[in-house]
Amino acid sequence: MSSARPRPTLHFAPRQGWMNDPNGLIQWNGRVHLFYQHNPSAPVWGNIAWGHASSADMWSWEDHPLALEPDPAGPDRDGCFSGCAVVPYGRPRLLYTGANGAHELPCLAEAEDRHLERWARYEGNPVIAGPPPGQEVVAFRDHSAWWADSMWYQVIGGGLQDRGGALFLYRSADLTSWQYLGIFAAAADHGLDGKIWECPDVFSLGNSVVAVVSVHDDGPLYAMWMTGEVVGHQFIPRAAGRCDSGSRYYAPQSLTLTDGRRVAIGWLQESLAELDADDRSRAGAMSLPRELSLDENGALRSWPARELDGARRKMLAAQLVEGRGTVDVTISARAAHATEIAITPIRGEAADIVMRLIGRGCANVEVRVSPDGVAVSEGSRLLTAAVPPAGAPQRQAGQVRVYCDQGIMEVYSSLAGPAAVICDRSAVYVDIEVEVGPHFNAPVCVASVKAWACGRPQG
Ligand code: FRU
């Protein structure tokens with residue numbers, strides 16, 4: 001297996017092998033622990049264990065040994081699939097999916113040390129013997145758990161033959177014996193997408209309940225947020241949308257930090273087939289940590305976690321642009337650092353912002369941000385779901401942040417959804433062109449464009 005491929009600077013990726021979903025996100029003793037679906041021996045899905053990394057800032061990660069590996073004699077002999085972390089009585093536990101042939105059932109493990117490196121499996125695994133009887137369940141896996149009214153609750157993701165993607169709700173006093181309470185939500189009941197909803201993530205934010213699921217329809221499609229309320233044992237979505245308009249972001253999971261912020265990290269999908277032949281040591285990366293909030297319409301918004309500002313090192317450019325301007329800055333995807341570009345309207349309002357990364361020996365990348373969304377194209381290839389409609393929006397584009405890191409590009413808009421894409425992994429961009437389209441209210445818009453090299457301090 002080739003080991004040529006450098007790891008990204010701000011995005012977590014395994015040293016080698018395959019990675020998919022983030023799991024068991026938890027802040028513990030001042031560090032955020034990230035577990036992840038991992039095949040350490042090949043850059044393809046299979047023989048899934050839980051990898052483990054931790055970080056004080058969510059962008060510089062330290063590797064830990066594997067946290068869980070399939071137990072040949074256990075209910076997870078065919079893989080330790082996705083799950084979450086909970087902390088009863090000050091001792092973290094993992095609630096994960098044990099794969100055993102066609103069975104995918106909830107299992108429990110308990111932390112044995114303060115670095116969360118050693119985990120003891122509960123001898124009574126699986127803790128739920130099978131999907132709820134009496135309905136045609138087509139999938140049943142992945143967990144999101146919370147504590148309310150002196151009880152543990154969890155939803156398990158999956159799908160129903162006649163109602164599509166579904167979340168199954170359970171309650172427990174001790175995490176080991178669970179009572180089934182019914183269907184928390186199902187796709188067809190609300191006209192939503194998906195035969196299966198994988199990787200649920202349910203939490204409250206402000207006055208709303210948020211349920212994020214990964215929509216699967218004979219293959220992973222996209223991560224979807226729903227916001228609404230819980231009535232009895234049912235979740236009633238009032239609004240729904242895509243978490244990200246690129247095609248990479250999937251299976252996000254979130255945690256509440258000790259300061260109250262809710263932060264999500266998602267898997268950026270990457271397959272072996274699309275890697276360079278000499279560059280196949282690993283596949284898959286995590287997104288940057290995204291701080292979550294709700295806008296006035298109940299839509300879920302993401303913005304780069306403020307810890308990322310601490311990754312800014314050398315300033316590469318700082319310039320004002322009125323209408324259209326070119327900013328000289330060299331960004332190499334192969335460089336040992338990542339680049340952040342921040343565009344902030346400072347006089348007038350921008351109805352849309354267009355940024356072109358002019359390449360040397362590679363296709364140019366164009367990023368368009370309007371109140372309706374983010375579109376990224378590389379040459380003639382559109383990398384995001386849809387181009388935001390043209391015209392004169394009534395609202396402004398807000399601030400924009402772009403991160404380039406070993407071909408991974410993440411675009412954030414303060415007023416629209418984010419987009420994570422993967423561009424040419426060896427591209428060198430030499431100029432950035434920025435256009436700020438003035439808002440009809442304010443015929444002139446001046447924006448500040450700043451760029452930094454990002455990474456750990458040298459030395
Ligand atoms: C989502 C998923 C989960 C499952 C895991 C297995 O990407 O299919 O539903 O638990 O991956 O690796």
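Each of 362, 423 was scored by other Cβ atoms within 10 Å of its Cβ. Listed from fewest to most, they are 362, 423. Among 294, 288, 320, the ranking by other beta carbons within 10 Å of each residue's beta carbon, starting with the fewest, stands as 320, 294, 288.
Restricting the calculation to Cα atoms, the range 286-370 shows an Rg/Rh of 0.97 when the hydrodynamic-style radius is the Kirkwood one. Close amide H contacts of residue 17 (hydrogens built in the peptide plane, cut-off under 5 Å, sequence separation of 5 or more or a different chain): 282, 283.
Translational diffusion coefficient, Stokes-Einstein: compute it for the range 311-454 using the Kirkwood radius over C-alpha pairs as Rh, at 25 °C and 0.890 mPa s, and state it as an integer in µm² s⁻¹.
This corresponds to a translational diffusion coefficient of 165 µm²/s.
Across q = 0.06, 0.09, 0.13 Å⁻¹, the chain modelled as identical point scatterers on its alpha-carbon atoms has Debye log10 I(q)/I(0) values of -0.26, -0.58, -1.18, in the order of the q list. Rounded to the nearest Hz, the phi-derived 3J(HN,Hα) couplings of the range 434-440 under the Karplus curve 6.51 cos²θ - 1.76 cosθ + 1.60 (θ = phi - 60°) are 10, 10, 10, x, x, 6, 4, where x marks glycine and proline. Using C-alpha pairs below 8 Å separated by at least 6 residues, the relative contact order for the range 159-228 is 25 percent. The overall shape of the range 1-115 is oblate: from the C-alpha gyration tensor, with semi-axes ordered a ≥ b ≥ c, the ratio a/c is 1.5 or greater and a/b is no larger than b/c. Each Lys or Arg adds one and each Asp or Glu takes one away; over the other residues whose Cβ falls under 11 Å from the Cβ of residue 328, this sums to -2. Other residues within the sphere of radius under 13 Å centred on the Cβ of residue 112, judged by their own Cβ, net out at +2 (K and R +1, D and E -1). The alpha carbon centroids of the range 252-311 and the range 133-171 are separated by 25 Å.
A Cβ-based charge dipole, computed about the Cα centre of the chain with Lys and Arg at +1 and Asp and Glu at -1, lands at about 900 debye.
The calculated Kirkwood hydrodynamic radius for the range 172-236 is 13.0 Å, given to one decimal from all distinct C-alpha pairs.
Evaluated on the range 164-309, the Kirkwood hydrodynamic radius is 16.6 Å, with distances taken between all distinct Cα atoms. Protection proxy ranking of 407-419, 428-440, by the mean of other Cβ atoms within 10 Å over each peptide's residues and highest first, is 407-419, 428-440. Dimensions of the range 263-331 along the principal axes, based on C-alpha atoms and rounded to the nearest Å, stand at 43, 39, 26, largest first. For residue 248, nonlocal amide neighbours, meaning residues 5 or more places apart or on other chains whose placed amide H falls under 5 Å from its own, are 420. Per-residue Karplus couplings for the range 416-428, computed as 6.51 cos²θ - 1.76 cosθ + 1.60 with θ equal to phi - 60°, are listed in order as 9, x, x, 9, 10, 9, 10, 9, 2, 6, 10, 5, 10 Hz, Gly and Pro entered as x. The simple Förster model, with R0 at 41 Å and r as the Cβ-Cβ distance, assigns residue 312 and residue 277 a FRET efficiency of 0.75.
Each value in this text was obtained by applying a stated rule to the coordinates, not by laboratory testing. From a predicted model like this one, the values you see are computed outputs, not experimental measurements. Here the Cβ is made from the backbone with ideal geometry for all residues, glycine too, and neighbour counts use every protein chain on show.
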